[in-house]
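Please treat every number below as a calculation from the coordinates, not as lab data. For clarity, every value in this text was computed on a predicted model and none was experimentally measured. Here the Cβ positions follow ideal geometry from the backbone for every residue, glycine too, while neighbour counts run over all protein chains shown.
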Amino acid sequence: MLKELELPIVDLPKETENLREEVRSFLSAELHNESFTTRSDSWLSGFSADFSRKLGERGWLGMTWPKKYGGHERTAFERFVVTEELLAAGAPVAAHWFADRQTGPLLLNYGTEYQRQTLLPRIVRGELFFAIGLSEPNSGSDLASISTRAKKSGNKWVINGSKIWSSGAHHAHYIVVLLRTATHGEKKHEGLSQMIVDLSAPGVTVRPIYLMTGEHHFNEVIFEDVEISEGMIVGEVGGGWKQSMAELAYERSGPERFLSTYPLLKELINQLSETSGQHANIKIGKLASRLWTLRCMSLGVAGLLEKGDSPNIAASLVKDLGTQFEKDVIDVARELIPSRPSMNAPTKFETLLAESILHAPGFTLRGGTTEILRSIIARGIGV
Amino acid sequence: MLKELELPIVDLPKETENLREEVRSFLSAELHNESFTTRSDSWLSGFSADFSRKLGERGWLGMTWPKKYGGHERTAFERFVVTEELLAAGAPVAAHWFADRQTGPLLLNYGTEYQRQTLLPRIVRGELFFAIGLSEPNSGSDLASISTRAKKSGNKWVINGSKIWSSGAHHAHYIVVLLRTATHGEKKHEGLSQMIVDLSAPGVTVRPIYLMTGEHHFNEVIFEDVEISEGMIVGEVGGGWKQSMAELAYERSGPERFLSTYPLLKELINQLSETSGQHANIKIGKLASRLWTLRCMSLGVAGLLEKGDSPNIAASLVKDLGTQFEKDVIDVARELIPSRPSMNAPTKFETLLAESILHAPGFTLRGGTTEILRSIIARGIGV
Amino acid sequence: MSDIQPMLVDTATKIMKDFCTKEVINKAEEGEFPHDLWEALEETGMTSIGIPEDIGGVGGDLEDAMSLLKISGKFAAPIPLAETLLAKLILSFARLPLLNGPLSLLPAQNNDQISFRKTDDAWAVSGKAQYVPWARDVKNIVVFGATSAGQMIVSYVSTDDCQITQGQNLAGEPRDEVMLPDILIDNDRIAPSHNLMGEDIWNRGALTRTALMAGALENILELTLTYAKEREQFGRPIGKFQAVKQQLAVLAGEVTASGIAADAAVSAYEQGGQNQEIAMAKIQVGEAAKAVTNIAHQVHGAMGFTDEHPLHHSTRRLWSWQDEYGSESEWAELLGSEILENSSEQVWSMVTD
Amino acid sequence: MSDIQPMLVDTATKIMKDFCTKEVINKAEEGEFPHDLWEALEETGMTSIGIPEDIGGVGGDLEDAMSLLKISGKFAAPIPLAETLLAKLILSFARLPLLNGPLSLLPAQNNDQISFRKTDDAWAVSGKAQYVPWARDVKNIVVFGATSAGQMIVSYVSTDDCQITQGQNLAGEPRDEVMLPDILIDNDRIAPSHNLMGEDIWNRGALTRTALMAGALENILELTLTYAKEREQFGRPIGKFQAVKQQLAVLAGEVTASGIAADAAVSAYEQGGQNQEIAMAKIQVGEAAKAVTNIAHQVHGAMGFTDEHPLHHSTRRLWSWQDEYGSESEWAELLGSEILENSSEQVWSMVTD
């Protein structure tokens, strides 16, 4: 097999079994208390600061980070188990999502000691939320063409420009912004840097972008002469592109790339029964096979990451296949149970179906479109 | 609707009903006499000079051509009906296929009076078969890059080069060759011409190309200093590209672009029954819908052609969707009836399935690959 | 195509362009019925297309009505035009007076139960219907139902007499629950439903959705092509990228196939009144809806699923209409079972006849 | 991974490269058994992988055997390696003598009927089996069957005593009909089949096909990438066209998914002996086979389906193997019904356990 495509079989260590049981009973208690409602795509749409704090209390945020920053020094596999259980239950994990998945690891890799000490412990407690500022109105997939810029002025940087699709920026405390600190040379991705901006700072405007569902998750974040101190630069000035790309394998291979519609699949199976017949059996059997395969792949990537590898190609495959699967679930649900989906339908099946249908366009766009991923994969296997 | 995509609903004229019945009873008698066996993809693999002559006797070749060349001056719709009935029955129509579909119309449009008088009547009688020489070993989809060339020498032309994938060239009498008569200028498709070459002429070698099934339908035709008279040039010297492209709407929109696996579908339905259940019902219902839709489109294109339009974009759509349908039939057949397909299996279903599986790769390659067609369509709709 | 069709298409398109703007559609979703749009259509006779002139319609045939609905679908018109045309057709067949204004009809689902009961000197109708289009916005609803003796009855009720619980489809179009609490109806508003049985209404309902969907698909093709030509990425319009081109070609194919399937089904139904072509057309547009909405949103990127962009007006309607009057799978199951009850010759003659 | 696996993979790959050439495969299809290839494998112990050393095997576990079959599938080796390994496993479990040379086993289909009958001083076996792999090329066939009392018996017969009617799969591999005309068998060749029931053999058979298919898929990926880099059209390698790149990425995805699914199924089966992971893996490789053969042939153009090009050695095998020991749809039906007999929690615990 091509080296880029080789994935190990990961048998989860024994200690994860207890952890999984803990998470399951926590979730079942929370559901019982109606502290949350199961949603599809909950890592985008399930915002609950309360719930995030509860996870923090249980030690399920910043799980792999060093203890000196409040982390729990557990393995990537333990984090995997917690994540997949939360997503499968459709739990509201949006509040802490980017801080836990992206900002923490970024700061651990490139942040200053001061940044780590002041920010990480609060993330771990589920008190501090981050948004991500990458795309811009005129640069969707062409990320290197961004034009938001920061200019040095004394020992400050002054930021102007705007970021789009920043989910949760209206709730978050900070945003990590990729921006231009120098005009680019030959290569468009030169001269980019990452900075942390306080979303309550003067000059920052968070403008809602409503989805076609009417929901408000996304925002445009506009920066007008926003001043930040040098201490808020992450890593090297000019190193922003490399730093951003390093996050990708983590970002593209996690269970959130194939579980966004799992709550719908679960409810579909609840509604079906052993008398549903051959057609339902075949459809459900095929979905189960794909789900299992994707999880094997996702765990395989996690295994390589844990070893220190950067399996970017395999991670891109997980996202490509995973997001197709998320859409397949919808088609099968529609096909097997005639229904009248709407966001305020009387049945759980119909609301989950509506939510899934209306969120689905985003699955194959966010975090790298299908087309971009496939180009990356093709390049990775040598064409 | 975009003009390029507008297709009329064609209600076949009354007179085609009798004709259809005639063809059906002819076919059922022939099947009864075992003069042929139903095959998938019979317009490639069903060669029978005998059968073609019988069609000629009944007036079903050169149907639309002028009577003065032996034709029958019937409408394109009457030809459509005969063609679809023959293909649906999996009848052996390969012998006369290219002469009837392509060479005749080509000569009627561009041929000399002498060519028409000497060649067309024999095609109409099912006595004269043609092959087509377009692709070359080094130019698959990139047709304009062909290098077979003819040089003027006195009042002769001398041909050197080779053509590939010429189906039936080992049975045919003549081949219509697209070749280079002048070095190209700015545009690669300048300086191309079409010539008729006698396949028994000195210097012509027909080398078989065996399919992975072991079947011999395709050939490489090699020309070494083959001399032909000026009288065998079709149309203008240098006009070959334009002439070839004009055939495309006819070539891409006919029923042969969605009926190649119809015999398998028919046998599949024979093997199923009303007790086959929901799964079979849904699959068969969907195939029937697509088949009907494709036929509406194909007839719509025929209607425009009859009016003198050149609906190249719509014709490309028929081929793209039609050939996907031909493959879908195979997937459904496999899914609905577990079987052990092989070319010499004991049941008709299994042999038709094997033949369909093994021929399927060609469906979306021959006569314009899916990718080329989609590029043409995209260009046609303005992107 | 009838004589009036080109004029009808022109008029309807003009009205839609003027009165069915993005703002009107958004407001309709917030509950504001587009009266101006409706009145412009009513004034030009568009709301009585397909009803003979001698009984108060403006003439035209089924094809005309469906070509109007194609335009309505193309502009995502947030009005009960399909329901009104259907309701008037039923009234005309039943020789009941044509009603003014927008109308709806019920039962709307196969499993709704509506029953008529003879009282001393009149009738009473009761039952509950789910997912009734636009019930809250119409004055009258045409009602089908059976007596306890099994006789099929058609009539109409005023929505003032109904209990309406608001609901909506994925496109935010009203789909309300309607309770008929034993509503008294005068004898002259009652007719036996001999001409038009329930199944026929279901078939015609499916035809309306097929036409609406074919129109919506057309609009999506146009929006997507425009976007692909305008939106630049990596220094050129995204439509210049081969990966996008290939998808646009597939999109164009499904839209073309759906357009002709919708037309062919109308033509076949007018000639023969069978439901097989309706089944085949509804399957085609349903399958197309999946592929087309997927590609269109993919090409449009994140912008396409924001509230601001008009794409979702059409895609959300497709996601709703694909399930109304039978999804592609439900029709496929029916069609497939009809095919498999007969011989394999059946498919071929179904396709070629 | 066991200790011997890296060495095993190296050795097997080397043998395949030397002895399993395109010519050897073509000749096998014409009926010439590749004795040199077989002997090279036998000499290095490859044909007894997974059989404990103390009873004549060379040791190794199920994972080793399956990694060998992956290589065999990758090289399209025209030999009954899967059958021989399975047959020897059965013999070893039944404590019957390990046999030499290539072996086959039957029943090969779920509906084959084989029955054992006690005679005065021995046994007799009769019945007919369809589509038996390589029957014509082996000396002995391991046979399962039941007595009239329902006892399951395992034994083996010499092919000299069988009536063999030749048949083949889509890849031209022998799949023969085998008639057992009441063959007498000595008592010492009879064993009760208590350890390994029929279902377990069926599961292991499916595992062999999953491994073979994963190997074939890998080969197709390599062939297709090579071709895309070498073949030029419009002045550049076709792999540089975005439309081709996108397809190659899909191909790579399915091949990767199949590889890990095949491995995971072996690992799970060795740990638990359940058939759910086998079902999921066979479904995955079956679905992959459709997508991958389609893309690979599309990228290869007409050249790819000629006799001359090696691509079809792998694609035709996939088209055959996908149906052997249960197609993806048959397994999906079984798996789906198991899921739907239980609760929705079942899927999640199946996936996460």
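Data overview
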{"item": "Average partner coverage of C:296-304, which counts Cβ from other chains inside 10 Å", "result": "5"}
{"item": "Kirkwood Rh in Å, taken over segment B:303-383 so that all alpha-carbon pairs contribute", "result": "14.6"}
{"item": "Calculated P(r) of segment D:202-353 - Cα pairs past 17 Å, %", "result": "62"}
{"item": "Protection-proxy order for peptides D:144-156, B:371-383, each taking the mean of Cβ atoms within 10 Å per residue, highest first", "result": "B:371-383, D:144-156"}
{"item": "Which of D:Asp176, D:Asp54 has the fewest Cβ neighbours within 10 Å, and the rest in rising order", "result": "D:Asp54, D:Asp176"}
{"item": "Between segment C:97-142 and segment B:294-324, the Cα center-to-center distance that results, in Å", "result": "45"}
{"item": "Those trypsin sites (Lys or Arg not before Pro) in segment C:201-259 that DSSP places in a loop and that have at most 12 other beta carbons within 10 Å", "result": "none"}
{"item": "Stokes-Einstein D in µm²/s, Kirkwood radius over Cα pairs - segment B:3-128 at 37 °C with 0.692 mPa s viscosity", "result": "216"}
{"item": "FRET efficiency, 1/(1 + (r/R0)^6) with R0 56 Å, evaluated for B:Glu21 and B:Ser229 via beta carbons", "result": "0.75"}
{"item": "Residues A:Trp60, B:Trp241, sorted so that the one with the fewest Cβ neighbours within 10 Å comes first", "result": "B:Trp241, A:Trp60"}
{"item": "Cα-based Rg of chain D normalised by 2.2 N^0.38 Å, two decimals", "result": "1.02"}
{"item": "Shielding by other protein chains, D:235-244, mean Cβ within 10 Å", "result": "5"}
{"item": "Of C:Lys245/D:Lys229; B:Lys151/B:Lys242; A:Lys327/B:Lys283; B:Lys163/B:Lys348; A:Lys319/C:Lys282; B:Lys242/D:Lys229, those spanning more than 25 Å from alpha-carbon to alpha-carbon", "result": "B:Lys163/B:Lys348; A:Lys319/C:Lys282; B:Lys242/D:Lys229"}
{"item": "Chain lengthening between D:Asp54 and D:Gln166 when straightened (0.36 nm per residue, less Cα-Cα)", "result": "36.6 nm"}
{"item": "Cleavage-rule hits, GluC sites (Glu not before Pro), segment B:25-109, DSSP coil, Cβ neighbours within 10 Å at most 16", "result": "B:Glu34, B:Glu73"}
{"item": "Rotation relating B and A, chain A residue nearest the axis via C-beta, angstrom", "result": "A:His279, 2"}
{"item": "Cα radius of gyration and Dmax for segment C:1-79 (Å)", "result": "12.7, 39"}
{"item": "Burial ordering of D:Thr306, B:Thr347, fewest other beta-carbon atoms within 10 Å first", "result": "B:Thr347, D:Thr306"}
{"item": "q = 0.11, 0.12, 0.19, 0.21 Å⁻¹: log10 I(q)/I(0) that the Debye formula gives for segment B:179-331, counting C-alpha atoms only", "result": "-0.69, -0.79, -1.16, -1.21"}
{"item": "Square roots of five times the Cα gyration tensor eigenvalues for segment C:1-138, Å", "result": "28, 20, 12"}
{"item": "Label point 7 Å beyond Cα along the C-beta direction, distances from A:Ala201 to other copies (nm, shortest first)", "result": "8.0"}
{"item": "Span from the segment A:165-223 Cα centroid across to the segment C:1-55 one, whole angstrom", "result": "44"}
{"item": "Principal axis box of segment A:313-352, alpha-carbon based, largest edge first, Å", "result": "42, 19, 10"}
{"item": "Cβ neighbours within 10 Å from other chains - mean over C:338-346", "result": "5"}
{"item": "Rg/Rh ratio calculated on Cα atoms of segment D:97-196 (Kirkwood radius)", "result": "0.96"}
{"item": "Percentage relative contact order, chain B, counting C-alpha pairs under 8 Å, at least six apart", "result": "17"}
{"item": "Chain B - Rg over Rh from alpha carbon coordinates, Kirkwood radius", "result": "0.96"}
{"item": "For segment B:93-232, convex hull volume per residue from C-alpha positions, Å³", "result": "112"}
{"item": "Approximate shape of segment D:1-42 as ellipsoid semi-axes (Cα gyration tensor, √5λ), whole Å, largest first", "result": "25, 9, 7"}
{"item": "Label-zone membership for segment D:171-192, site D:Ala146, 7 angstrom Cα→C-beta point, backbone N under 18 Å", "result": "D:191-192"}
{"item": "Two-site FRET efficiency, D:Glu270 against B:Asn344, from Cβ-Cβ distance with R₀ of 41 Å, rounded to 0.05", "result": "0.60"}
{"item": "For the protein assembly as shown, convex hull of alpha carbons as volume per residue, Å³", "result": "199"}
